[in-house]
Amino acid sequence: MTAKLPPQPPIDLSSRNPERYIWPVTDPLWHIANTRGPYATRFGAMRSFGPLASARFDPHPPPAGDHPTERVLYASRDLVTALAERFQNGREIPLHQPTVPIVYAWRPTRPLELLDVTGLSALRLGASQLLSTGPKRHTRSWARAIRKTWPTADGLYQSSMAGRVCVALWGPALDSFPPAPSFSKLLADPAQAWITLLRNAAVQIRYEYYG
(Lines give C-alpha, C1' and ligand atoms only; values in the text may rest on other atoms or scores of the structure.)
Protein backbone atom coordinates (compact mmCIF):
# COMPACT_ATOMS: atom_id res chain seq x y z
CA MET A 1 0.00 0.00 0.00
CA THR A 2 1.35 3.40 -0.98
CA ALA A 3 1.70 5.85 1.90
CA LYS A 4 -0.21 9.09 1.55
CA LEU A 5 0.25 12.44 3.19
CA PRO A 6 -2.98 13.93 4.56
CA PRO A 7 -3.25 17.39 2.96
CA GLN A 8 -4.24 18.90 6.31
CA PRO A 9 -2.96 17.95 9.77
CA PRO A 10 -5.35 16.97 12.57
CA ILE A 11 -7.04 19.94 14.22
CA ASP A 12 -5.10 19.32 17.43
CA LEU A 13 -1.53 18.03 17.35
CA SER A 14 -0.87 18.60 21.04
CA SER A 15 -1.49 14.97 21.96
CA ARG A 16 1.05 13.75 19.40
CA ASN A 17 4.61 12.98 20.42
CA PRO A 18 7.19 13.56 17.67
CA GLU A 19 10.80 12.85 18.48
CA ARG A 20 13.13 15.73 19.26
CA TYR A 21 16.50 15.89 17.57
CA ILE A 22 19.09 17.95 19.39
CA TRP A 23 21.50 19.46 16.89
CA PRO A 24 24.87 19.73 18.70
CA VAL A 25 27.13 22.76 18.61
CA THR A 26 29.86 20.58 17.07
CA ASP A 27 27.94 19.91 13.83
CA PRO A 28 28.06 22.51 11.04
CA LEU A 29 25.12 23.80 9.05
CA TRP A 30 25.42 24.79 5.37
CA HIS A 31 23.26 27.35 3.60
CA ILE A 32 23.32 29.05 0.19
CA ALA A 33 22.01 32.61 0.30
CA ASN A 34 21.50 35.34 -2.30
CA THR A 35 23.57 38.50 -2.07
CA ARG A 36 21.45 40.31 -4.67
CA GLY A 37 17.81 40.34 -5.74
CA PRO A 38 14.51 40.40 -3.82
CA TYR A 39 15.54 37.69 -1.35
CA ALA A 40 19.09 38.84 -0.69
CA THR A 41 20.08 38.25 2.93
CA ARG A 42 23.10 38.65 5.15
CA PHE A 43 24.50 35.89 7.32
CA GLY A 44 22.36 35.18 10.37
CA ALA A 45 19.20 36.67 8.85
CA MET A 46 16.09 34.59 8.34
CA ARG A 47 13.39 35.18 5.74
CA SER A 48 10.23 36.81 7.05
CA PHE A 49 8.48 36.95 3.66
CA GLY A 50 6.35 33.95 2.86
CA PRO A 51 5.00 31.47 2.33
CA LEU A 52 6.80 30.82 -0.94
CA ALA A 53 5.30 28.30 -3.35
CA SER A 54 8.76 26.75 -3.79
CA ALA A 55 9.36 26.27 -0.05
CA ARG A 56 8.43 23.11 1.85
CA PHE A 57 8.24 24.16 5.49
CA ASP A 58 7.54 27.88 5.49
CA PRO A 59 5.55 28.59 8.69
CA HIS A 60 4.08 31.87 7.42
CA PRO A 61 0.31 32.11 7.10
CA PRO A 62 -1.11 32.74 3.63
CA PRO A 63 -1.32 34.88 1.61
CA ALA A 64 2.33 35.57 0.91
CA GLY A 65 3.60 38.70 2.58
CA ASP A 66 5.98 39.94 5.21
CA HIS A 67 5.38 38.29 8.58
CA PRO A 68 7.92 39.64 11.10
CA THR A 69 6.95 37.07 13.73
CA GLU A 70 7.60 34.13 11.40
CA ARG A 71 11.08 33.38 10.11
CA VAL A 72 12.64 30.53 8.17
CA LEU A 73 16.03 29.41 6.91
CA TYR A 74 16.78 26.09 5.21
CA ALA A 75 20.16 24.47 5.84
CA SER A 76 21.93 21.15 5.35
CA ARG A 77 24.52 19.08 7.14
CA ASP A 78 27.00 19.20 4.25
CA LEU A 79 27.82 21.21 1.14
CA VAL A 80 26.76 18.55 -1.36
CA THR A 81 23.27 18.36 0.11
CA ALA A 82 22.99 22.15 0.25
CA LEU A 83 23.83 22.30 -3.46
CA ALA A 84 21.37 19.50 -4.28
CA GLU A 85 18.57 21.30 -2.45
CA ARG A 86 19.28 24.79 -3.77
CA PHE A 87 19.52 23.75 -7.43
CA GLN A 88 17.00 20.88 -7.46
CA ASN A 89 14.60 22.46 -9.97
CA GLY A 90 16.94 22.63 -12.93
CA ARG A 91 19.42 20.05 -11.59
CA GLU A 92 22.29 22.22 -12.73
CA ILE A 93 24.77 24.39 -10.86
CA PRO A 94 25.35 27.63 -12.78
CA LEU A 95 28.04 29.62 -11.00
CA HIS A 96 27.24 33.01 -12.49
CA GLN A 97 23.73 34.12 -11.57
CA PRO A 98 22.04 37.52 -11.14
CA THR A 99 21.40 36.70 -7.47
CA VAL A 100 25.16 36.13 -6.84
CA PRO A 101 24.79 33.20 -4.38
CA ILE A 102 27.12 32.81 -1.43
CA VAL A 103 27.82 29.65 0.55
CA TYR A 104 27.87 29.84 4.35
CA ALA A 105 28.76 27.26 6.98
CA TRP A 106 28.55 27.77 10.72
CA ARG A 107 28.08 25.96 14.02
CA PRO A 108 25.20 27.06 16.24
CA THR A 109 26.16 28.75 19.49
CA ARG A 110 23.78 26.50 21.41
CA PRO A 111 22.12 23.11 20.81
CA LEU A 112 19.07 23.36 18.58
CA GLU A 113 15.86 21.56 19.50
CA LEU A 114 14.37 20.30 16.24
CA LEU A 115 11.16 18.34 15.77
CA ASP A 116 11.83 15.19 13.76
CA VAL A 117 9.49 14.84 10.77
CA THR A 118 11.14 11.73 9.33
CA GLY A 119 10.32 8.04 9.65
CA LEU A 120 8.31 6.84 12.65
CA SER A 121 8.31 10.30 14.20
CA ALA A 122 6.36 11.61 11.20
CA LEU A 123 3.89 8.75 11.60
CA ARG A 124 3.36 9.66 15.25
CA LEU A 125 2.38 13.14 14.08
CA GLY A 126 -0.31 11.60 11.91
CA ALA A 127 1.67 12.26 8.74
CA SER A 128 4.26 10.10 6.95
CA GLN A 129 7.74 10.26 5.50
CA LEU A 130 6.12 12.13 2.61
CA LEU A 131 6.47 15.29 4.68
CA SER A 132 9.93 15.43 3.09
CA THR A 133 8.78 14.72 -0.47
CA GLY A 134 5.03 15.34 -0.78
CA PRO A 135 3.25 18.33 -2.33
CA LYS A 136 4.60 21.50 -0.77
CA ARG A 137 1.18 23.12 -0.48
CA HIS A 138 0.35 20.28 1.92
CA THR A 139 3.63 20.22 3.83
CA ARG A 140 3.33 23.97 4.50
CA SER A 141 -0.03 23.31 6.18
CA TRP A 142 1.71 20.81 8.42
CA ALA A 143 4.53 23.26 9.11
CA ARG A 144 2.10 25.94 10.26
CA ALA A 145 0.32 23.49 12.56
CA ILE A 146 3.57 22.17 14.03
CA ARG A 147 4.88 25.70 14.57
CA LYS A 148 1.66 26.67 16.38
CA THR A 149 1.68 23.56 18.56
CA TRP A 150 5.34 23.73 19.58
CA PRO A 151 6.18 27.46 19.36
CA THR A 152 9.52 27.20 21.17
CA ALA A 153 10.99 24.56 18.83
CA ASP A 154 13.92 25.83 16.78
CA GLY A 155 12.60 24.15 13.64
CA LEU A 156 12.34 20.82 11.87
CA TYR A 157 14.75 17.95 11.31
CA GLN A 158 13.96 16.57 7.87
CA SER A 159 15.25 14.41 5.05
CA SER A 160 16.48 15.98 1.81
CA MET A 161 15.59 14.86 -1.69
CA ALA A 162 18.86 12.90 -1.60
CA GLY A 163 17.91 11.21 1.66
CA ARG A 164 20.42 13.27 3.64
CA VAL A 165 19.86 15.54 6.61
CA CYS A 166 18.33 18.98 6.18
CA VAL A 167 16.78 21.38 8.64
CA ALA A 168 14.21 24.14 8.48
CA LEU A 169 15.08 26.68 11.14
CA TRP A 170 12.34 28.93 12.51
CA GLY A 171 12.25 32.15 14.51
CA PRO A 172 13.35 30.72 17.88
CA ALA A 173 16.68 29.77 16.27
CA LEU A 174 17.59 33.39 15.59
CA ASP A 175 19.69 33.61 18.75
CA SER A 176 21.78 30.56 17.79
CA PHE A 177 23.83 32.20 15.03
CA PRO A 178 27.43 33.17 15.77
CA PRO A 179 28.59 36.71 14.89
CA ALA A 180 30.24 35.41 11.72
CA PRO A 181 30.21 32.14 9.74
CA SER A 182 33.10 29.69 9.97
CA PHE A 183 33.06 29.43 6.16
CA SER A 184 31.97 31.97 3.56
CA LYS A 185 32.59 31.89 -0.17
CA LEU A 186 30.80 33.20 -3.24
CA LEU A 187 29.58 30.38 -5.43
CA ALA A 188 31.40 31.97 -8.38
CA ASP A 189 34.72 32.33 -6.51
CA PRO A 190 37.45 31.55 -9.10
CA ALA A 191 39.80 29.67 -6.73
CA GLN A 192 40.76 26.41 -8.41
CA ALA A 193 40.32 24.31 -5.27
CA TRP A 194 36.78 25.65 -4.87
CA ILE A 195 35.93 25.00 -8.52
CA THR A 196 37.19 21.43 -8.16
CA LEU A 197 35.08 20.94 -5.04
CA LEU A 198 31.95 22.14 -6.82
CA ARG A 199 32.63 19.99 -9.87
CA ASN A 200 33.06 16.91 -7.70
CA ALA A 201 29.84 17.71 -5.87
CA ALA A 202 27.99 18.03 -9.18
CA VAL A 203 29.30 14.62 -10.23
CA GLN A 204 28.07 13.05 -6.97
CA ILE A 205 24.52 14.31 -7.41
CA ARG A 206 24.49 14.04 -11.21
CA TYR A 207 23.84 17.75 -11.75
CA GLU A 208 25.12 19.76 -14.67
CA TYR A 209 27.87 22.23 -13.81
CA TYR A 210 28.43 25.55 -15.56
CA GLY A 211 31.63 27.35 -14.62
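General observations
- For the range 109-146, a tally of residues being part of a loop (DSSP other than H, G, I, E, B), buried (at least 22 other Cβ atoms within 10 Å of the Cβ) and under 16 Å from the mean Cα position of the chain (by Cα) returns 1.
- For the range 31-57, the set of residues classified as among the β-branched types (Val, Ile, Thr) and touching a residue at least 60 places away in the same chain (Cβ under 8 Å) consists of 32, 35, listed by residue number.
- Residues (surrounded by fewer than 17 Cβ atoms within 10 Å (Cβ to Cβ), under 23 Å from residue 137 (Cβ atoms) and touching a Phe, Trp or Tyr at 6+ places or on another chain (Cβ under 9 Å)) located in the range 8-45: 8, 38, 39
- For residue 148, the conditions (1) closer than 23 Å to residue 11 by Cβ; (2) in contact with a Pro (Cβ under 7 Å, 6 or more places away or on another chain); (3) charged (D, E, K, R) are fulfilled apart from (2).
Table: residues versus (1) of a type outside the set (A, V, I, L, M, F, W, C); (2) in a loop (DSSP other than H, G, I, E, B); (3) on the phi > 0 side of the Ramachandran plot.
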| residue | (1), (2), (3) |
| --- | --- |
| 6 | yes, yes, no |
| 36 | yes, yes, no |
| 45 | no, yes, no |
| 52 | no, yes, no |
| 56 | yes, yes, no |
| 90 | yes, yes, no |
| 104 | yes, no, no |
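- Some residue of the range 159-169 being without any contact (Cβ under 8 Å) to a residue 12 or more places away in the chain, on the phi > 0 side of the Ramachandran plot and part of a loop (DSSP other than H, G, I, E, B): yes
- For the range 61-88, a residue qualifies if it is assigned to a loop (DSSP other than H, G, I, E, B) and closer than 30 Å to residue 197 by Cα, and the qualifying residues are 77, 78, 87, 88.
- Candidate set: the range 61-76, residues that are touching a residue at least 60 places away in the same chain (Cβ under 8 Å) and under 21 Å from residue 31 (Cβ atoms); chosen: the one surrounded by the most Cβ atoms within 10 Å (Cβ to Cβ): 72
- Taking the conditions (1) at pLDDT 95 or above; (2) closer than 25 Å to residue 206 by Cβ; (3) of a type in the set (Phe, Trp, Tyr); (4) surrounded by fewer than 22 Cβ atoms within 10 Å (Cβ to Cβ) in turn, residue 87 satisfies each one other than (1).
- Pick from the range 174-211, criterion of a type in the set (Ser, Thr, Tyr) and part of a helix (DSSP H, G or I), ranking: surrounded by the most Cβ atoms within 10 Å (Cβ to Cβ): 176
The values are calculated or read from the model by the stated rules, or taken from the named source; none is laboratory data. Keep in mind that this is a model prediction, so the values were computed, not measured. Don't worry about glycine lacking a Cβ; one is built from the backbone with ideal geometry, like all the others, and counts go over all protein chains shown.
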